[in-house]
Amino acid sequence: MIPMPRSALIASKAPFPSRPLLLCSALLAAQAQAQTQAQAPGAAPSVFSAEVQDANRAGGVTTTDAGNGPVRATLSGMEPPRVVTATDSRPAAFELNWSPIKMPTGQKTALLGAHYMVAINEDWGIGPAAYGAAQGEFGGLFTVGFNLQRRFRVGPNLHLAASVYAGAGGGVSSDRVRPGGGLMLRPELSLRGEFGNWYAGVGVSHVTFPNGNGNIKDTGVAFTLGRMDRFLSFNPSDSGSPGRAGDRTGMGFDEIALSAGVEKPRSGSRTRGGAPLTGRKGKAGGDLRQYFGDGSSWWGLEASGAASGGHDGYMEILANAGQDWGIGSQRLRVGGQLSFGLGGGGDMDTGNGWLVRVGPTLRWITPWGPTLRLDAGYMKAPWGHYDSFQVRGSLALPLEKVSRILNTPPLESGTVRAQTLYLSMPYFKEFKFKDGSRDNVTGLGIGMTRDFGGPWYGVAHAGSAALGKAGAFSYGMFGLGAQSPKWNGLRVGAEALVGAAGGGGVSVGGGAVTQGEVWTQWEGTGRDRLRVKVGVGQWKALGGEKHSTPMVSLNIGWAFGTLGPAAKR
């Protein structure tokens, strides 16, 4: 018998709603029972944790090492490397928000928001979020930041949510519509009804760009649609150890890709001022994918920005879905992809911001792990004056084991890899602006690192100006870093990044930028997940006058372990 969810047992509490995937839990229980003949029939993990232990095999006995995961010892006394199990299962939720607002000009628009939150206890959740204009003539207005939410249980299938979002961005500004320094705040109070793993609600929200000369602010009705899930992970201190899990770990994506491409506007494309767009535009970005079925279908999220062509400040965030088929081999695959989302900025007329793209795809899953992709597509702004043909190449790295991508076994083994999600606050000492002036700028954004094994790790940053006079300046960068072993709770390292940036009147040429940084990080002792990192470095624009500026950064992060491909030993 499957036990009742804990949230249903605590009537007086106000738990962060969660319903884990019962099918996955049943498969895990069946697998463990078939191997050990020791687990009670029908047993399933609790709402907040799921642990599966390996069977006795080949004369071996599996035991649990004081909460650090199973340890297998053989009759001969030899002890192979300790295999850890993903046991930290937390409620999580993905939300979409629709917030109609009135701009200072009297024109109406609406902000479409997306949040991914992980519970830090039964009542509170926190996670990355983004908002973009999706109505009216303000396509290109984006902000990126974090959302904090407190939930109150008011009925068996009803909860009240109090949220506050803090982010930074801009993208569309004039003498009458100003994002100020770029900081955006959005408190919200809403009532939601739950139906299965889904919930929907209505409430009131207030949107404001409070600093500098910002004048965008309004209060109105907000609508919410969300889905409850779980966040399964390892302890980050187990990074590099053999591990196993019965479901996707971390945020659930199988692949991360870095891309570069070029697009050519078609006739009829124009700037916001009505001038024709004719020149090619280079773009750089990245995407996350999750595969399903037999690994031939996927959905994902991607973000990219202008890196050359004179349209610095252009940015797009798209959701995509695709299907491909093997040609002669399951590793060489051809198919198609449909994408839709929001984009704008860089003085390109995308109307209300909505974009649609469709085109063929080609990917090769290499025998050694990474995947190479080549995509082409036709993109159009249905309510604007922009359409183009584009092509891009991508290098994709697996976040999950390839075997889980190609099929879905109930129990998978691999190597634990640490990831950290950061609230990032960089301070740029002296940006040069297009009007010839110079000033300091403070940014706010999201950072992520992924352990590759040994000293190496991958890193990505995305954010915007929050303080200063560069409201609407945004950046996205990715790169490689090296780090030392931890000593007395501290670690040091260095990283180099490249990417795209622009907007806010900052002089960046075509938009390509680079950044180098050395840092010190506090990680605590034992199995702490909190991370506090301070860095010092140099930021540089690769186009135009190629100006550069010293920078420092403060990063507050939360670390977790995910199951990656098995390390070669």
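A few comments on the model shown:
- Whole-number accessible area per residue in Å² for the range 90-232, which is evaluated in the context of all protein chains at 1.4 Å: 37 Å²
- Using a cutoff of 8 angstrom between alpha carbon atoms and counting only pairs six or more residues apart, the relative contact order for the range 415-564 works out to 25 percent.
- Taking all pairs of distinct alpha-carbon atoms in the range 464-506, Kirkwood radius in angstrom: 12.7 Å
- Per-selection metrics, the range 253-398 (Cα): Rg and Dmax in Å: 15.5, 50
- Spacing of the two label points (7 Å from each Cα toward its C-beta) at Trp364 and Arg150, in nm: 5.6 nm
- Working value for the range 90-232: equivalent-ellipsoid semi-axes of 28, 15, 12 Å, each the square root of 5 times a Cα gyration tensor eigenvalue, largest first.
- Backbone phi angles across the range 349-364, fed through the Karplus curve with coefficients 6.51, -1.76 and 1.60 (θ = phi - 60°), yield HN-Hα couplings of 7, 9, x, 7, x, 5, 10, 10, 9, 9, x, x, 10, 9, 9, 10 Hz in residue order; Gly and Pro are listed as x.
- Euclidean distance of C-alpha centroids, the range 491-569 and the range 280-308, integer Å: 21 Å
- Amide H to amide H distances under 5 Å link Gly243 with Val84, Gly414, Thr415, Val416, where only residues 5 or more positions off or on other chains count and H is placed in the peptide plane.
- Backbone amide hydrogens, once placed in the peptide plane, bring Arg230 within less than 5 Å of Ala92, excluding anything fewer than 5 places away on its chain.
- One compactness figure for the range 415-564 is 1.07, namely its Cα radius of gyration divided by 2.2 N^0.38 Å.
- Carbon plus sulfur fraction of accessible area for the range 90-232, probe 1.4 Å, in percent: 64 percent
- More than 14 Å apart - percent of Cα-Cα pairs taken over the range 322-368: 61 percent
- Across the range 194-262, the convex hull enclosing all Cα atoms gives 270 Å³ per residue.
- When peptides 523-529, 276-282 are sorted by average Cβ neighbour count within 10 Å, with the highest value leading, the order is 276-282, 523-529.
- The C-alpha atoms of the range 152-294 occupy a region whose extents along the principal axes are 55, 41, 32 Å, arranged from largest to smallest.
- Rounded to the nearest whole Hz, the Karplus-based 3J(HN,Hα) values (6.51 cos²θ - 1.76 cosθ + 1.60, θ = phi - 60°) of the range 482-493 follow the sequence 10, 9, 8, x, 6, 9, 6, x, 10, 9, 10, x, with x at glycine and proline.
- Surface composition of the range 520-565: carbon plus sulfur atoms contribute 64% of the solvent-accessible area (1.4 Å probe, protein chains only, all chains present).
- Amide H contacts under 5 Å for Leu542: Ala512, Val513, Thr514, restricted to partners 5 or more places along the chain or on a different chain, H placed in the peptide plane at 1.01 Å from N.
- The modelled label-to-label distance between Tyr378 and Lys546, using points 7 Å beyond Cα along the C-beta direction, is 4.1 nm.
- Per residue, the solvent-accessible area of the range 415-564 (1.4 Å probe, heavy atoms of protein chains only, all protein chains present) comes to 38 Å².
- Shape class for the range 333-484: oblate, because the ratio a/c of the largest to smallest gyration tensor axis (alpha-carbon atoms, square roots of eigenvalues) is 1.5 or more and b/c is at least a/b.
- In summary, the convex hull built on the alpha carbon positions of the range 277-321 has an orientation-averaged projected area of 3.7 nm².
The values are calculated or read from the model by the stated rules, or taken from the named source; none is laboratory data. The structure presented is a predicted model; accordingly, all values stated were derived computationally and were not measured. Because the Cβ atoms are built from the backbone with ideal geometry, glycine has one as well, and the counts that use them run over all protein chains shown. Just the protein is used for accessible areas: all its heavy atoms, side chains included, with ligands, DNA and RNA removed. Shrake-Rupley method; radii C 1.70, N 1.55, O 1.52, S 1.80 Å.
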